[in-house]
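What follows draws every value from the coordinates through simple rules; no lab data is involved. The structure displayed is predicted, hence computed values, not measured ones. Positions of Cβ are backbone-derived with ideal geometry, glycine not excepted, and every protein chain shown enters the neighbour counts.
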Amino acid sequence: MIARRSFIAMFAGAVSLFATSAHSEMQRPQNDVILEVSGKVAVVNDAGKAAFDRAMLMGMPQKEIRTTTAWTDGVQVFQGPLIRDVLNHVQADGSTLRAIALNDYAITIPTSDFEKYDAILALLMNGEEMSVREKGPIWIVYPRDEHRELQSAEYNEKWIWQLNRIVVE
Amino acid sequence: MTASLRKSILALIVLAFAVSLGFGFKHVTTVDETLESRLAENAVWAGAQLQFELGRFRESLYDLANNDRNASPKETSKRFDILWSRVQIFREGDLAELVTVSGMKPIVDNIQSQIEEIDSIIADDGFKTRAQPETIRRILDTGQSINRLSQELTAGIMHGEHVRFVNYIRERQSAIHDVMISLVGLFLCGAAFTVSLVFSNRQANKATLAATSAEEAAVAARERVTDAIESMAEGFAVIDSVGRYVSANTIFRSFMNRFSGSAPTGDFFETTLETGFRDHVLLDPLGRPVNRIMDGLRCADGTGFEFVMDDENWVRIETRRTANGTMIVKLADVTDRKRWEIETENAKNTAIRNLEAQSRFLSMMSHEVRTPLNGVLGILQIIIDEPLSQAARHYVKTALNSAISLRTVIDDVLDASKIEANEMALRNEALSLANLSENVLDLMTPLAHKSGLSLTLTLDPNLPKSVTGDADRLRQILNNFVSNAIKFTEHGNVALSLDRLSKSDGRCLVRFSVTDTGIGIPAEKQADLFRAFKQIDSSYSRRFGGTGLGLAISKVLAEKMGGVVGFESTAGKGSRFWFDIPFEILSSEPWVKQAGPSGSRVLIDLSDRALADALSAQIKGFGMNVAVCDTSCPQSNGETDVILINDSPLDASTAIRPHMHLQVLHAENMLDDVTEAFDSRTRFLRYPIHPTTLMRELLAPRPPVPVKIEPARPIEESGSGPLRILLAEDCKTNQLVMQAFLKGITTDLVIAENGKLALEEARTNTFDLILMDVSMPEMDGIEATKKIREFSDIPVIGVTAHAFESALTSCLDAGMDRVLTKPLAKQDLYSTIKELLDESDRAAALAVTGTESC
């Protein structure tokens, strides 16, 4: 029995060694995972992907965006990490993101967007967490009111809500 | 005008046009932008997403209800939250505005309140794996209604897109118009203002450029809407207020091409349809004129019109008018559904026709079989009264019994067909429940005796004296229950009892129950019991005979009387069948007069234990003190206040000295032989014992007198001479039967061969009564009666083999006083004659004093 357990431990160790050799380690989520970033990422904490709980994302530098949206009335205040910060955190190396929502709705966004604009993974709207019913837990928010070109159908489509998966491609 | 002034004017003009042009340009771009942004999050897409999420939520809920492996309350909850968020898309931001513009706000509000309802259903404990099925059902139902609403929403928004598109085109045209005015203005300024002209030209080019880009946007918008319409599974078109197509999908256009045949489709929807009707490509199955169909379609209230095409396919056209006069047309091939509908309808009609044919056949059979049976039964009844050898009597009796069985079978089948044809009508006349049940007791006792069973009757002391109801039909149910009980009981007893269950406001509920000690009904056979043509086992059927209709008929009859039937049964132990009928009370007096409380003790000493118990129960019901002798009778203890009921005469060997003795006489005809009791205290109870007789003897004891029995005579006539009866009857056998029947009464019988002769007889001679056959050559009984009624109110008794209620009604309508159905029973004939003459002047002259055996 003991022999068997130590064998499993050894095997797990070998796997983690192998994993570490390909990817850098990052902090593990303590609570429910709300976002998984996979694909061309160098930093992971789970099998091939970087899993984030709310606290991990809230712990990153926060950016506030005050803007109108096509789906709300009036100006809203959004808060969350810059998408480019998150991508840097996991050392993403790709030209596009495949952003996927809870209901499997997916959209492809070029990573260049996040160099050009301070788009965020919004975690709070008007200081409050967003429930699934309110398009939470994560909504990609562009600083729409600051750039005229963002006030278009093309960009509106990128405002994916109920986001829970990103695949870097 | 100086050069400088001219220059100034020129500059002003140029400036004015430039400003005007600028506005025109601005106008075009604004419209363009609005259009772009509105179409951005395509409302149709959002509607489809809503429906999609709704489907996934319901699927998940369904899985949850079915304990599917992949289902979890958490997953269902998530699905619901996503669904919730999809509804919110229509309630905020750009789409909310669009929803308001399209007039779809009430629908969105409705959807919101429905999801809130689901939310409140699950608010308490969320979704559960083992949720109550009705909760799930409620949620699924609500989901269904949301689904309908969201479809309406999508359609409405699509229409909204159209309206906006049309408005856009209009605005764009006015913008271009503004630009054109500017251009024309500038052109008029002429070559003289070269500089300004060049400048203007530049502006004009720019404006044309703007107009072109606006047009492109419009085309793009149109394409989007067209794509949405195109993706629909049905034909779909938008028709403007004058009837021209604004837009239509391929399916719709292909239908239009079908309708117009070789002719070009044209721009007008109605013209195409009219062409279709004119060339018989389209056919209205209801045969409405084309202009009326067009009116109906123009009405556009969502009514669907279904037409058949020349290739026998079906098409459904549905039109709906919107607020601004635009008409939405939906067109679908409904051939499969329609064929199925037609097949079902045909199958139904065939079934109805078969049923009707069966009904007609049975009604015919009723006549055809009953007429000869009348002959057989009548003649057998005559023969049995003739002096016969013992063997001959036995054969005739057997033949008579067989004929009676045959009549029962025919009556059952006829009743069943009457029920099927909804012809079963109930009479509502005064009846005595005590007498009715005693009749059944009398009728069934011989049958019970033959099987070695004892049949008893007990009546609840609270039964009212008289109620209203259909005595014949009640008797039929009772006979059926009792004869079944006898059939299925090999030894023991059958007990019939009537109990008043409740009473209020001049009404009472009476339970008739028949308890036996028979073979009982196995649990698995119980469900089929009251269904037509079912006998519990074909082996029983062979053993016990019968049509298997009796219980089914009884059930229908009882239910028609407002009652219920039921039973309890244990295989091998016996059964209890019962039915409860509500009656209107005519007389709430008790069914037997009670002189006063009797202090007498009643002692029952009968060899038939079941009978003793039944009598004991009956007497106890009246509060009297009863004892049943067990193995040995008690010795005399000097008691004198005792009433003894036994089946032997009082003599020295009787241990007890009662002050009254009721001796039960078992043999049927024994009473006739007993002219005098041996003991003056003795009175006789003839078997089967009627509760009314028993209780009358016990409760109103008359001074004991020797019993004198008169020989029974059917009808006693007084000195007023024989009854003059006219018999209208064409059939010789029936004439013979009637003559033999009427032998019991002294009559002066005149026979007429048909209605016409009967009418002549009735005109020229005086009769006390007419017996009128219904089916006769020359003139039938109904017409003859009508004619007789013109000059006489003489009692007329109709005699018919048509047992159907409708036939009876037409007899009574013609003026007949009573109608008897063939085969005739002598007893019925006598009692009917007596009843009728009782009503007329001859009443005093006649009295029925006895019964006769047939």
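Neighbour counts of other C-beta atoms within 10 Å: give me B:CYS629, B:CYS811, B:CYS299 arranged from fewest to most.
Fewest-to-most ranking of B:CYS629, B:CYS811, B:CYS299: B:CYS299, B:CYS629, B:CYS811.
For B:LEU606, what is the net charge nearby, where nearby means another residue's Cβ is under 15 Å from its Cβ and Lys, Arg count +1, Asp, Glu -1?
Here the count lands on -3.
Determine the shape class of the stretch B:389-491: with a ≥ b ≥ c the square roots of the Cα gyration tensor eigenvalues, call it rounded for a/c under 1.5, and otherwise prolate if a/b is greater than b/c, oblate otherwise.
oblate
With respect to the cross-link table entries B:LYS487/B:LYS525; A:LYS135/B:LYS74; B:LYS418/B:LYS732; B:LYS418/B:LYS822; B:LYS732/B:LYS787; B:LYS465/B:LYS503, which display a Cα-Cα separation exceeding 21 Å?
B:LYS418/B:LYS732; B:LYS732/B:LYS787
What is the diffusion coefficient of the stretch A:31-133 in µm²/s, taking the Kirkwood radius over Cα pairs and the Stokes-Einstein relation at 10 °C with a viscosity of 1.306 mPa s?
Approximately 109 µm²/s, per Stokes-Einstein.
Per residue of A:125-134, what is the mean number of Cβ atoms on other protein chains within 10 angstrom of that residue's Cβ?
3
Taking H as built 1.01 Å from N, whose amide H comes closer than 5 Å to the amide H of B:VAL246, not counting residues under 5 places away?
Under 5 Å from the amide H of B:VAL246: B:VAL238, B:ILE239, B:ASP240.
Residues of A:151-161, mean number of Cβ from any other protein chain within 10 Å of their own Cβ, rounded to a whole number?
Counting Cβ atoms of other protein chains within 10 Å of each residue's Cβ and averaging gives 3.
What do the square roots of 5 times the Cα gyration tensor eigenvalues come to for the stretch B:429-590, in whole Å, largest first, as semi-axes of the equivalent ellipsoid?
27, 17, 13
Exposure proxy check: A:ILE120, B:ILE521 ranked by fewest other beta carbons within 10 Å?
Placing the least packed residue first, the sequence is B:ILE521, A:ILE120.
Straight-line reach only, C-alpha to C-alpha below 28 angstrom: list the lysines that B:LYS338 could link to, leaving out same-chain residues fewer than 8 apart.
Filter leaves B:LYS330, B:LYS348.
So who's got an amide H within less than 5 Å of the one on B:LEU665, skipping anything under 5 residues away but keeping other chains? H placed 1.01 Å off N, in plane.
For B:LEU665, whose amide H was placed from the backbone, the distant partners under 5 Å are B:LEU685, B:ARG686, B:TYR687.
Out of residues 5 or more away from A:VAL43 or on other chains, whose amide H comes under 5 Å of its own, with H placed 1.01 Å from N in the peptide plane?
Close amide H contacts, sequence-distant or interchain: A:SER24, A:GLN91.
Can you tell me the 0 to 90 degree angle between the C-alpha axis of helix A:2-22 and the longest principal axis of chain A, rounded to 10?
40 degrees
Can you put B:ASP333, B:ASP838 in order of Cβ neighbours within 10 angstrom, beginning with the fewest?
Ranked by crowding around the Cβ, least crowded first: B:ASP838, B:ASP333.
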